[in-house]
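Step one of this worksheet: look at the structure below.
The values are calculated or read from the model by the stated rules, or taken from the named source; none is laboratory data. Remember, predicted model here, so these are calculated numbers, not experimental data. Neighbour counts run over all protein chains shown; Cβ positions are idealised from the backbone, glycine included. These area figures cover heavy atoms from the full protein model, side chains too; ligands, DNA and RNA do not enter into them. Shrake-Rupley method; radii C 1.70, N 1.55, O 1.52, S 1.80 Å.
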Amino acid sequence: MQIKPDRRTHQERTEFTQAALITAARRLFTENGYAKTGTPEIVEAANVTRGAMYHHFADKADLFLAVAKQCAQEVADSIDAGSRDSSSPLDALMQGAQCYFAAMAQSGRARLLLLEAPSVLNVQQRLQISELTGEAQLQQGLADALPAAAHFALPQLASLVSAAFDHAALAIAMGASPEKYQTAMHLLLSQLIRPPIEIKVSKTKPSM
């Protein structure tokens, strides 16, 4: 039997091998966890050699970073697609929250990004993942809703709200009611982003 030559370009072969490794690693990391997944299992599932894996990724942690970036980009795309039309800054934040919860509940993303990533990735890498999943967009949304916050504590406020999003997303992924967390998030954001209270100062005539 005559074997047909591989007519793919070097770039195409590279992309194919990387995609196979990321797909295999993602499935195994999701099913078994990072610590219980070995590189021999990954290369076998990807149908590539061990040398091919180390040609494209420095080690298992580097491969996990690629998996996390893929997951984070999928979440960001879902948020962007689902929260384009909004009637107010609060509505935009709530739509973004609902899209985030729905996206994180799929494909093992909550486990990979919220449970595994903190123990595998360094601080700089975790910041990259946060940026991909919409940290900047969250800051902008809060800035639109709370202009005064931009002057003193916007990054800190965004960090706290993001932590609440993550907690809710993880709980939903583990089986909690999405509706109850969405209601709780709406209550939290609506209390945070209340219309400013107009203070009327009465003008009194000076006494004679």
Problem set entry | Contour excess over end-to-end distance, with Cα ends at residue 190 and residue 39 and 0.36 nm allotted per residue | 49.7 nm
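So what is the accessible area of the chain per residue, in Å², with the probe set to 1.4 Å?
About 63 Å² of surface per residue is accessible.
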For this session: Set Lys and Arg Cβ to +1 and Asp and Glu Cβ to -1, take the dipole of the chain about its Cα centre, and tell me which of 127, 189, 38 lies farthest positive.
Result: 189
Problem set entry | Contour excess over end-to-end distance, with Cα ends at residue 177 and residue 23 and 0.36 nm allotted per residue | 52.5 nm
Seminar exercise, completed: Residue span residue 8 to residue 167: 0.36 nm per residue of separation minus Cα-Cα distance leaves a gain in nm of 52.8 nm
Seminar exercise, completed: For the pair residue 123 and residue 148, the simple spin-label estimate (label points 7 Å beyond Cα toward Cβ) gives in nm 3.2 nm
Exercise. Where nothing but the Cβ of Lys and Arg (+1) and of Asp and Glu (-1) is charged, how large is the charge dipole of region 37-114 around its Cα centre, in debye to the nearest 20?
Worked result: 160 debye
For this session: Using label points projected 7 Å from each Cα along Cα→Cβ, tell me how many nm separate residue 115 and residue 15, to one decimal.
Result: 3.3 nm
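Using a simple charge model, +1 on the beta-carbon of Lys and Arg, -1 on the beta-carbon of Asp and Glu, nothing else, what dipole does the chain show about its Cα centre, in debye to the nearest 20?
With only Lys, Arg, Asp and Glu charged at Cβ, the dipole is about 240 debye.
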Exercise. To the nearest 0.05, how large is the calculated FRET efficiency for residue 49 and residue 160 if R₀ is 41 Å and r is the Cβ-Cβ distance?
Worked result: 0.35
For this session: Roll a 1.4 angstrom probe over the protein heavy atoms and tell me the percent of accessible area of region 49-120 that is carbon or sulfur.
Result: 48 percent
Problem set entry | Label zone at residue 31 (point 7 Å along Cα-to-Cβ), backbone N below 17 Å, region 104-125 | 107-109, 111-112
For this session: Could you pull the accessible area for residue 60 with a 1.4 Å probe, rounded to 10 Å²?
Result: 40 Å²
Problem set entry | Folded to 0 to 90 degrees: helix 123-132 orientation relative to the chain principal axis, Cα | 70 degrees
For this session: Name the most mobile residue of 76, 92, 19, meaning the one with the largest mean-square fluctuation, in a Gaussian network model of the chain with Cα contacts below 10 Å.
Result: 19
For this session: Take 62, 85, 144 and sort them by solvent-accessible surface of the protein heavy atoms, 1.4 Å probe, largest at the top.
Result: 85, 144, 62
